[in-house]
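Down below is the structure, laid out as structure tokens.
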Amino acid sequence: MFDLTGKRALVVGVANDQSIAWGCARALRARGAELAITYLNAKAEPHVRPLAEALGAEIVAPLDVSVDGQLDSLFARIAAQWGSLDVLLHSIAFCRAEDLHGRVVDCSAEGFAAAMDVSVHSFLRMIRAAEPLMPRGGTCMTVSFYGSEKVVEDYNIMGPVKAALESVTRYAAAELGQKGISVHALSPGPLATRAASGIAHFDEMLARAAAKAPTRTLATIEDVGAYAAFLASDEAKNVTGVVHPIDGGYQIIG
């Protein structure tokens, strides 16, 4: 086990106990990290707060990155209460249904902008807010998917959006490396999360992925959490700018 005792981690994107962010939060806490966990809004709070409290999260706060001021308020609270931050885990994405279910070439300008803002630019905004709280270095992570580099049926406009997310991961890693801040994209195969359920024919995608993966097994949120915990540890301090497949070998099969 990688010891994260004394490290402080912000986990964004917990929606329920099936969320990738929840798997990461549990793994970070199990290895000693102190947690700050966000929930999207008042409707989501009853589903997230009990989970956060079960892990002893010291900060539980709302965060809708599309609402002006909420991100600033969150980081102001972290600065006031903790004074520093060691780990940032960004696991949020959004796309309007009509754009997600349509052809890429038909995506509206407004829908594309909304998907990019929530799914990609919010990660940059969080990194920028976290940077002054990481004077001794830190780890920033986001969550991507194989559809960023290969065409995955029904993934549609989120493929280009995730490609942009992976690109900003590399550029941010290059810019922050000398400060000891690493930046990563975790790329699990298809997982049965609430967010993924909006993708058309998702059950078929899960079945195809399991059949194709060398292990014949889909990744779990526990698999992703264990990998995130390693990247958050001092043992991984010289690893950065990488998209990390966590998918039973799915990505190596043509």
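Rule-based calculations on the coordinates, nothing more; no lab input. The structure presented is a predicted model; accordingly, all values stated were derived computationally and were not measured. Here Cβ is always computed from backbone atoms with ideal geometry, including for glycine, and neighbour counts include all displayed protein chains.
Here are the numbers for the structure shown:
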| read-out | value |
| --- | --- |
| Candidates K162, K237, K150: whichever shows maximal mean-square fluctuation once the chain is modelled as a Gaussian network with Cα springs under 10 Å | K150 |
| Cα radius of gyration and Dmax for the stretch 38-154 (Å) | 16.3, 46 |
| Normalised contact order of the stretch 41-137, rounded percent, pairs of Cα under 8 Å and 6 or more residues apart | 28 |
| Exposure proxy order (Cβ contacts within 10 Å, fewest to most) of T169, T240, T5 | T5, T240, T169 |
| Pair-distance profile P(r), taking every C-alpha pair of the chain, with 10 angstrom steps and integer % | 7, 32, 39, 19, 3 |
| Gap separating the Cα centres of the stretch 58-94 and the stretch 1-44, nearest whole Å | 12 |
| Sites K43 and K179 - FRET efficiency at Förster radius 41 Å, r taken between beta-carbons, to 0.05 | 0.65 |
| Taking C24, C107 and counting other C-beta atoms within 10 Å, the order from fewest to most | C107, C24 |
| Computed over the chain: relative contact order in percent, which uses C-alpha pairs under 8 Å that are six or more apart | 21 |
| Candidates D72, D86, D117, ranked by Gaussian network fluctuation over the chain, Cα under 10 Å, top entry | D72 |
| Square roots of five times the Cα gyration tensor eigenvalues for the stretch 63-110, Å | 34, 12, 7 |
| Counted charge near H244, where neighbours are those whose Cβ lies closer than 12 Å (Asp, Glu -1; Lys, Arg +1) | -3 |
| For L88, distant residues with modelled amide H under 5 Å away | L10, T139, C140, M141 |
